[in-house]
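Below is one structure, written out as structure tokens; the observations come after it.
Throughout, read-outs are computed from the coordinates displayed, never taken from laboratory work. Owing to the predicted nature of the structure, the values given are computational and were not obtained by experimental measurement. Cβ sites come from the backbone with ideal geometry, for glycine too, and all protein chains shown count toward neighbours.
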Amino acid sequence: MSGGTAPDGIEPAAIMRYVTFLQQGRPRPGILRGGEIHPLPASVATMRDYIGLPAAGRSQLATETPVLLADATLLAPVRPLKNVFAVGRNYIGHAEEVARARGTELKLPGVPTFFTKAPTAISDPEQTLNLSPEISPQYDWEAELAVVIGERCRDVPEERALSVVFGYTCLNDLTARDLQRDHQQWFKGKSLDETCPIGPWIVGSDELPDPGNLEISLRLNGEVKQHANTSQLIFSVPKIIASLSRGLTLEPGDVIATGTPDGVGFARTPPEFLGDGDVVEVDIAGVGVLRNVIALRVPLGVG
């Protein structure tokens with residue numbers, strides 16, 4: 001979905017990534033090539049608008065004067081209009097550790113287990129995530145590959161599913177485990193403000209043709225806590241898209257988080273949760289590194 005002739009003479013074969021960055025106090029979408037961001041024209045207000053253009057229309061856009069990546073503040077590369085879609089227990093290892101931690105029998109799902117995170121949970125790469133210890137003392141990490149949908153679609157057959165993908169990015173599905181448990185469903189514990197960092201950019205699907213063989217890991221203060229390969233997904237990216245889109249319209253810029261590997265904090269012995277000042281990094285081969293710092297010092301009602 002991100003193919004076509006690149007703007008400003010950039011060769012189509014060159015690796016292109018898609019970003020949203022802060023320029024003169026407002027978000028701007030752009031194309032990252034090497035160490036330079038090529039801002040999209042003012043007529044394209046958001047990355048979601050760019051994704052929604054036909055491929056031919058995207059290829060004809062002229063970009064503005066480049067900005068050095070080193071001088072730019074990156075924001076979440078895309079902000080969908082609706083909730084972020086997500087799949088629970090989609091790695092065998094994670095399903096096993098959850099069953100073990102809860103003392104329940106392992107039962108693998110027959111279909112993807114979908115839930116959502118509110119759009120107000122979305123946060124930026126490198127952002128300090130201000131989380132209130134009064135709301136929860138049990139913030140947990142979940143490294144995930146996220147899919148960005150590239151066209152309006154519904155009832156997408158599995159064999160065609162990758163054709164509706166614009167690209168891929170990193171996502172950390174931060175979760176307040178006590179709220180997840182106490183509310184007996186996942187939405188509240190996974191939708192608190194600033195608990196869905198996304199980024200640092202989107203890698204186009206033409207640059208990453210096989211999302212089913214990517215190394216994914218999470219580091220906490222430099223220590224690897226999660227490590228797996230997307231080949232271990234119970235439901236592959238095409239299966240997820242086919243299942244989710246059945247009777248449900250997906251739109252350009254929609255984001256789907258595909259699940260997290262084993263190694264989450266609450267399932268460890270003893271359990272581990274995020275602390276003030278922790279540095280969390282989601283690292284996906286071929287995609288990038290999403291880095292955030294945790295700040296557990298926000299009083300209730302502030303921030």
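So what is the orientation-averaged projected area of segment 163-256, using the convex hull of its C-alpha atoms, in nm²?
The number I arrive at for segment 163-256 is 7.8 nm².
Enter the per residue convex hull volume of segment 7-75, computed from alpha-carbon coordinates, in Å³ rounded to the nearest integer.
That works out to 83 Å³ per residue.
Calculate one ³J(HN,Hα) per residue across segment 254-260 by plugging θ = phi - 60° into the Karplus curve 6.51 cos²θ - 1.76 cosθ + 1.60, and present them in order as whole Hz with x for glycine and proline.
So the J values, rounded to whole Hz, are 4, 10, 10, 8, 9, x, 10.
Give me the distance in nm between label points sitting 7 Å out from Cα along the Cα-to-Cβ direction at R297 and Q184, one decimal.
3.9 nm
Over the chain, calculate the relative contact order: mean separation of alpha carbon pairs under 8 Å at least 6 apart, over the residue count, as a percent.
24 percent
Using a 10 Å cut-off on Cβ atoms, rank the peptides 148-154, 95-101 from the highest mean neighbour count down.
In decreasing order of mean packing, 148-154, 95-101 become 148-154, 95-101.
Along the Cα→Cβ direction, 7 angstrom out, place labels at N130 and Q24. What is the inter-label distance in nm?
So the label points at N130 and Q24 sit 2.7 nm apart.
Could you compute the FRET efficiency for A70 and R154, with r as their C-beta to C-beta distance and R0 at 30 Å, rounded to 0.05?
Result of the calculation: an efficiency of 0.10.
Nearest 10 degrees is fine. How inclined is helix 92-102 to the longest principal axis of the chain, computing both from alpha carbons?
It is inclined by approximately 30 degrees.
Suppose each label sits 7 Å from its Cα in the direction of the beta carbon; what would the A99-R246 distance come out to in nanometres?
With each label point 7 Å from Cα toward Cβ, the separation is 2.3 nm.
Kindly provide the trypsin sites (Lys or Arg not before Pro) of segment 214-272 that DSSP labels as loop, not H, G, I, E or B, and whose Cβ sees at most 12 other Cβ atoms within 10 Å.
R246
Apply the Karplus parameterisation 6.51 cos²θ - 1.76 cosθ + 1.60, with θ equal to phi minus 60°, to every residue of segment 20-31 and state each ³J(HN,Hα) to the nearest whole Hz, in sequence, with x for glycine and proline.
Karplus-based 3J(HN,Hα) across segment 20-31 equals 10, 9, 8, 9, 6, x, 9, x, 10, x, x, 10 Hz.
Under 16 Å between alpha carbons, and skipping anything fewer than 8 positions from K117 in its own chain: which lysines qualify?
K82, K188, K190
Using a Gaussian network for the chain with springs between C-alpha atoms less than 10 Å apart, which of these wobbles most: R48, R17, R160?
Most flexible of the set in this elastic network: R160.
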